[in-house]
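Undergrad: Dumping the structure here so I can ask a few things about it.
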Amino acid sequence: MDKVERRKERLDRGIKVRTEGIYAVSSWQEVAYLVLPRLVLIVGLLLLPLLIPALGFSLYWNKVISYVGIYALLALGFDFLAHFVGLVSLGGAFFIGVGAYTAALLNKSLGLSPAFTIPMATIGGALISTLLLLPALPLRGVYFAIVTLMYPLALMRIIEALNIFGGTDGILGVAGFPNRWIEQYLIILIVIFALFGLRRLVNEDIGLVFRGVKDNDQSVRASGLSITLYKAIAVFIASGLGSLGGAYLSHIYMFSGISLFALDFSVIPIAATVIGGGGTLVGPVLGCFFLVPISEWLREFGTLRIVFYSLILMAFIMFRSEGVMVYAQRKYHQFQRWVKV
Amino acid sequence: MSGEYILQVTDVCKSFGGVQALLNVSFNVQQGEVFGIIGPNGSGKTTLINCITGFIKMNSGKVLYKGKDISYKAPNQIANLGLTRTFQIMRPYYSLPAYKNLIIPLFSPRARRKGGWRGGGKLGDRGTVSIDILEEIGFERDSFVPYKLASSLPTGYLKRLELARCLALKPDLILCDEVFSGLSMSEIASMVPLIEKLQMDGITLVMIEHRLRELFRVASRVMVLNFGEKLTEGIPEVVMQDKKVKEAYLGSEKLLDYTFEA
């Protein structure tokens, strides 16, 4: 029997011309091709809080949506820093903690409502985080990761040892949200804006500078740009997202304490980025919508949940290490066919 | 005196641990000339450029650029003064298309000062300006080449991209670290007119080179380095007849024709 040698040929769909980002849009099919994935994502996210009671899940799952949103902000920040600036940050817990304490203190001592404390804690928390991380900015790769991991641990112990900001008890009685619809929809809208904002940012001129810092920082210096400045701006953006999540969380919990420096906030965004696909920005968000509910659902199994959780992560890393969204985008933008060799 | 010299380097010393990479190297570069730096491998040529442009902190010495002291300044500050450099081992942004590589230097304070907030003033946005620069440096405007990822470009184009990055900063002085190395003879042949054109545009060039024949076509003066020390300096024909230079290149007093491809 003759063996016919075949191989798979991968072709870009006709709509993608020349380079990434330059599209020729000339018919409604092509417009749909571009708009549909975005629309599905946005509409899906907006419908989610309504779908949960409709599908018979308990109110508790509506709370989970807010947590997912907060993790999604962290994951966006992580993916942005890691894949577009080249800083692997384990500082998620640090950003959350700083944001949460800032919001809680503003609320308790000045009596400001969440409408003011959340934006103020976002900017303030980002400023504090960026200033504290400034000495670590010349570091790269795993060294930066280790240093950022130390910050939440150190800050947690400082608060405990000096007994400031309520010490181990934390700050109790922080104002909550007026109702659960506002609580859920606000965070979903924030995630959508952050996602599309960041996606736009990385393709702007300043975004190219960030990507340049990742690709070749010496070249950026030779181009007359200070890498420390641009790394600081990038850390400001990512820590702003994290602090926003932290401020949000303290208003959901109506509490801020050293438990908000928990390493979950550093680790889950990384896992979500691995599963969702690094460098896609949307991937980590979807990764959070997968991982966080699973983590909540596995609570029924008690201590075994970590085992299941690790198994899921291991399976993803071994069989789909590129991440779901990288795979999905490739399938969407290219088609394959068999050709005879 | 300092008016006619664009770059004055005085007694630059640099040692890495016990290795003396540069020892009291001094030279002056005149406005508008092409100045060559040659020397055997490991003689400290690239280290010298790194010291001048601030990528390495020198141990002692002084660098004056347009009469202004720039020793010990940060690389990005120096680049913003119009003193740019290319890298011997090309350093493009591999994940970006060629023309987007230039948007980064066009974003620098110097380029923005000269080209307005969009990068090109009346000429359009940064993307348009970078295509213009690439065309000037030898990328075919109407082909796919400027839009290709830098990782898929051949060496010849990457070398040009290095020069283009310097040009995007509207420089007064470019330090070229072996722009001819790794190129085929025909690629070099097309690079030489480019260098001549840059000189005609009023840009001063300092060129580190191993391709002596091509260098001597464009350079008016050369300096020879060996083991971190300056051997001699002068017009190419005279320098290559120097006994010490012959020794440095061949290790003996054997006959050396300067057109020999070192």
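Each value in this text was obtained by applying a stated rule to the coordinates, not by laboratory testing. Note that the coordinates shown come from a computational prediction; the quantities given were computed from them, not determined experimentally. Methodologically, a virtual Cβ is constructed for each residue, glycine included, from the backbone with ideal geometry; neighbour enumeration extends over all protein chains shown.
Undergrad: Between A:Q29, A:Q184, A:Q218, which gets the highest mean-square fluctuation from a Gaussian network model of chain A, Cα cutoff 10 Å?
TA: Judging by the Gaussian network model, the answer is A:Q29.
Undergrad: Defining a contact as two alpha carbons under 8 Å apart and six or more residues distant in sequence, what relative contact order in percent does the range A:200-298 show?
TA: 12 percent
Undergrad: Compare the Cα positions of A:S58, A:I118, A:V307 along the charge dipole of the range A:6-340 (+1 at Cβ of Lys, Arg; -1 at Cβ of Asp, Glu; about the Cα centre) and return the one farthest towards the positive end.
TA: Looking along the dipole axis, the top candidate is A:V307.
Undergrad: Would you mind listing how long chain B runs along its three principal axes, going by Cα atoms, in whole Å with the largest first?
TA: 57, 40, 35
Undergrad: Considering amide H positions built from the backbone, and no H for Pro or chain starts, which residues 5 or more places from B:L225, or on another chain, come under 5 Å of its amide H?
TA: So B:L225 has HN proximity to B:I38, B:G39, B:L231.
Undergrad: Along the positive direction of the dipole of chain A (beta-carbon charges: Lys, Arg +1; Asp, Glu -1; about the Cα centre), which of A:M156, A:F265, A:Y327 reaches farthest?
TA: A:Y327
Undergrad: For Cα pairs less than 8 Å apart in space and 6+ apart in sequence, what is the mean separation divided by the residue count of chain A, i.e. the relative contact order in percent?
TA: Computed value for chain A: 32 percent relative contact order.
Undergrad: Counting each DSSP H run of 4 or more residues in the protein assembly as shown as -39500 (n - 2.57), what helix-only mean residue ellipticity at 222 nm follows after dividing by all residues, to the nearest 500 deg cm²/dmol? Don't skip to the answer; put the middle values down first.
TA: On the way: 24 runs with 322 residues, N = 603.
Per the formula, -17000 deg cm²/dmol.
Undergrad: Could I ask something else about it? Which residue fluctuates the most in chain A, going by a Gaussian network model with Cα springs under 10 Å, if the choices are A:S321, A:S223, A:S66?
TA: Checking each option, the largest mean-square fluctuation is seen for A:S223.
Undergrad: Fewest first, what order do A:Y327, B:Y249, A:Y151 take by the number of other Cβ atoms within 10 Å?
TA: Final ranking by Cβ density, sparse to dense: A:Y327, B:Y249, A:Y151.
Undergrad: With the crude spin-label approximation of a point 7 Å out along Cα→Cβ, what separation in nm comes out for A:L46 versus B:E229?
TA: My value for the distance between the label points is 7.8 nm.
Undergrad: How do A:34-41, B:35-42, A:97-104 rank on mean C-beta neighbours within 10 Å, highest first?
TA: Highest-to-lowest ranking by the protection proxy: A:97-104, B:35-42, A:34-41.
Undergrad: I'd like the distance separating the alpha-carbon centroids of the range A:117-154 and the range A:279-341, in whole Å.
TA: Taking the Cα centre of the range A:279-341 as reference, the centre of the range A:117-154 is 28 Å away.
Undergrad: Report the charge-dipole magnitude of chain B in Debye, nearest 20, computed about the Cα centre from +1 at each Lys and Arg Cβ and -1 at each Asp and Glu Cβ. Intermediate values should be presented prior to the final figure.
TA: Numbers: 33 positive and 27 negative charges, 218 e Å.
Magnitude of the dipole: close to 1040 debye.
Undergrad: Under the definition of partner shielding as Cβ atoms of other protein chains within 10 Å of a residue Cβ, what is the mean value for peptide A:209-221?
TA: For peptide A:209-221, the averaged partner shielding equals 6.
Undergrad: Give me the angle, in degrees from 0 to 90, between the Cα long axis of helix A:180-201 and the longest principal axis of the Cα atoms of chain A, rounded to the nearest 10.
TA: 50 degrees
Undergrad: Compute, for chain A, the length of the dipole vector about the Cα centre, with Cβ point charges of +1 (Lys, Arg) and -1 (Asp, Glu) only. Units Debye, rounded to 20.
TA: I would put it at about 960 debye.
Undergrad: Sticking with this one: Please give the charge dipole size of the protein assembly as shown, origin at the Cα centre, charges +1 on K and R Cβ atoms and -1 on D and E Cβ atoms. Round to the nearest 20 debye.
TA: The dipole magnitude comes to about 760 debye.
Undergrad: Identify which of B:I208, B:I104, B:I195 has the largest mean-square fluctuation in a Gaussian network model of chain B, with springs joining Cα atoms closer than 10 Å.
TA: Among B:I208, B:I104, B:I195, the largest GNM mean-square fluctuation belongs to B:I104.
Undergrad: What percentages, rounded to whole numbers, describe P(r) for chain A computed over all alpha carbon pairs with 10 Å bin width beginning at zero?
TA: So the P(r) values, bin by bin, are 5, 23, 31, 24, 11, 4, 1, 0, 0.
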